[in-house]
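Student: I have a structure I would like to understand better, so I am pasting it below and will then ask my questions one at a time.
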Amino acid sequence: MDILLTVNNKTYKTAIEPYDNLLTALRKLGFKSVKQGCDTGMCGICTVWVNGKPVLSCSTLAAEATGKQITTLEGLPEEAEKFGSCLAAEGADQCGFCSPGLMMTVIAMKKELVNPTTEEIQTYLNGNLCRCTGYSGHLRAVEAYLKA
Amino acid sequence: MWKFKKYEAPATLEECYQLLTKGKRNVILGGSTFMRTTQMQNDTAISLKNLGLDRIEETENGILIGALCTLRQAETSPILQQYCGGAASAALSSIAGVQFRSVATMGASVYSKYGFSDVITPLLAYHAKVELYHQGIMTLQDYLSHRTERDILVHIILPKQEGVGAFQDCRVSTCDFSMLNVAVYCSEDCCRICLGARPGMAKLAEQASAMLTKLPACERAAHAAEIADLAVSELHFESNMRASREYREHLGRIYVKRLIAQCCGGKNHD
């Protein structure tokens, strides 16, 4: 089936299987910041925004996302660079595979929460798994990014 | 991998229902978070996205939660946060991550009667009702305890009431399913104690709830321990990979006692 997806303010026509998830459709369209991790909705690596809210693209049907505004990390270059610098400065970016998903969640959190506490940050980010860093570097980077 | 041959997003509930009942392998789409992990092969997947069921509204008789409301919408809804102590929205905040809760829907969580559900337990304690397109309105308790024909869950309805509710769950790790969840609701003339993820579907501890209701409000906290024992003894617990039956029963006693104290203003020393 053919669908129209609006990604980073631009509309794309793409052919999908009815059961394809948004992750598959976005990668097919060339948005390679969207990674496949666990593919069961638990790791947060595939996070994108739908209508400004962070969602798991592996658990969202592409057909259900038609008519909605989809944002990937490619659509947030300035914020990505700012937070990326914080990750690098804090040594919180090792293999980097989880970084795009983490960035999408952190930037969404910045829009949603006002002066979050450390506990609120940890709670908000508990759907983003990382197998390298042990999370303390992430937390320092997030706090530095929110203060910047 | 979950697959289906056709995707449809009709404009009316009647069209959705006609499509659903046209074939046994047609299915209504919720958030699809759980379906994605199955190997099911369906014919037509029917989306409710064009029906405006993604809203939470306060009416004269209660609160209407549209089937397509996400768990995150319900968690952050000021209406639900203020409803009887906010236990329903608090229960949602510990389910997986924010991005998961922004996909999973209230309707699918209830309609599917999942045993591990953290959504059903507080709703049952709050005496919620469900509105099904074909079968009409029934209590959530009736819906859970009877085998119902295939239908479309349109709304979850929370009655207007003045009591206080509380919820607690326990998990091995943050994003895991609960090994037990408990919700207690207490008002002047009605108390309800529900335990879910035992690991079976959430159930009302009817005898314990009746005993708590009979007590004058000022004496309820003092009898919390015996009511907790009764609640655990009248429900069936089992072991699975997350916890043993004994551990679940032990947690159940502590949580029921703790939540009664929380709702009725008593002290809890556990």
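The values are calculated or read from the model by the stated rules, or taken from the named source; none is laboratory data. Because the structure is a prediction, the values reported are computed rather than measured. Cβ sites come from the backbone with ideal geometry, for glycine too, and all protein chains shown count toward neighbours.
Student: Within the set of pairs 6+ apart or on separate chains, which have a first residue in the range B:49-63 that is more than 13 Å from B:TYR83 (Cα to Cα), a second that is in a loop (DSSP other than H, G, I, E, B) and modelled with pLDDT of 95 or more, and C-beta atoms under 6 Å apart?
Tutor: From the range B:49-63, the pairs are B:LYS49/B:ALA9; B:ASN50/B:ALA9; B:ASN50/B:ALA11; B:LEU53/B:ALA67; B:LEU53/B:LEU68; B:ASP54/B:LEU68; B:ASP54/B:CYS69.
Student: If you don't mind, there's one more thing I want to ask. Tally up the residues in the range B:201-214 that are at pLDDT 95 or above, among the hydrophobic types (A, V, I, L, M, F, W, C) and surrounded by fewer than 22 Cβ atoms within 10 Å (Cβ to Cβ), please.
Tutor: Number of matching residues: 2.
Student: Based on what the data block shows, is A:LEU4 closer than 20 Å to A:GLY96 by Cα and of a type outside the set (Phe, Trp, Tyr)?
Tutor: Against the criterion (closer than 20 Å to A:GLY96 by Cα and of a type outside the set (Phe, Trp, Tyr)), A:LEU4 does not qualify.
Student: Taking the options A:THR66, A:THR60, name whichever one is surrounded by fewer than 24 Cβ atoms within 10 Å (Cβ to Cβ), polar (S, T, N, Q) and more than 13 Å from the chain's Cα centre (by Cα).
Tutor: A:THR66
Student: Is it fair to say B:ASN50 is more than 16 Å from the chain's Cα centre (by Cα), facing chain A (nearest Cβ under 10 Å) and more than 29 Å from A:ILE121 (Cα to Cα)?
Tutor: yes
Student: Within the range B:1-40, track down each residue that is buried (at least 19 other Cβ atoms within 10 Å of the Cβ), within 12 Å of chain A (Cβ to nearest Cβ) and part of a strand (DSSP E or B).
Tutor: B:PHE4, B:TYR7, B:VAL27, listed by residue number.
Student: List every residue pair whose Cβ atoms lie under 7 Å apart, where the two residues are 6 or more positions apart in sequence or sit on different chains, the first residue falls within the range B:100-116 and is over 13 Å from B:ALA202 (Cβ atoms), and the second residue, located anywhere, is in a helix (DSSP H, G or I).
Tutor: B:ARG101/B:LEU71; B:ARG101/B:ARG72; B:ARG101/B:GLU75; B:ARG101/B:LEU92; B:SER102/B:ARG72; B:ALA104/B:LEU71; B:MET106/B:LEU71; B:MET106/B:ALA74
Student: Another one. Quick one: in the range B:225-270, of everything that is in contact with a Pro (Cβ under 9 Å, 6 or more places away or on another chain) and basic (Lys, Arg), which residue is modelled with the lowest pLDDT?
Tutor: B:ARG242
Residue by residue, here is whether (1) crowded, with 20+ Cβ neighbours inside 10 Å; (2) under 15 Å from B:LEU259 (Cβ atoms); (3) free of Cβ contacts under 8 Å to residues at least 40 places away in the same chain; (4) of a type outside the set (S, T, N, Q) holds:
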| position | (1), (2), (3), (4) |
| --- | --- |
| B:SER145 | no, no, yes, no |
| B:THR148 | no, no, yes, no |
| B:ILE152 | yes, no, no, yes |
| B:HIS155 | yes, no, no, yes |
| B:PRO159 | no, no, no, yes |
| B:GLU162 | no, no, no, yes |
| B:GLN168 | yes, yes, no, no |
| B:VAL172 | no, no, no, yes |
| B:VAL184 | yes, yes, no, yes |
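Student: Looking at B:THR33, B:THR37, which one is under 22 Å from A:LYS68 (Cα atoms) and modelled with pLDDT under 95?
Tutor: On inspection, the qualifying residue turns out to be B:THR33.
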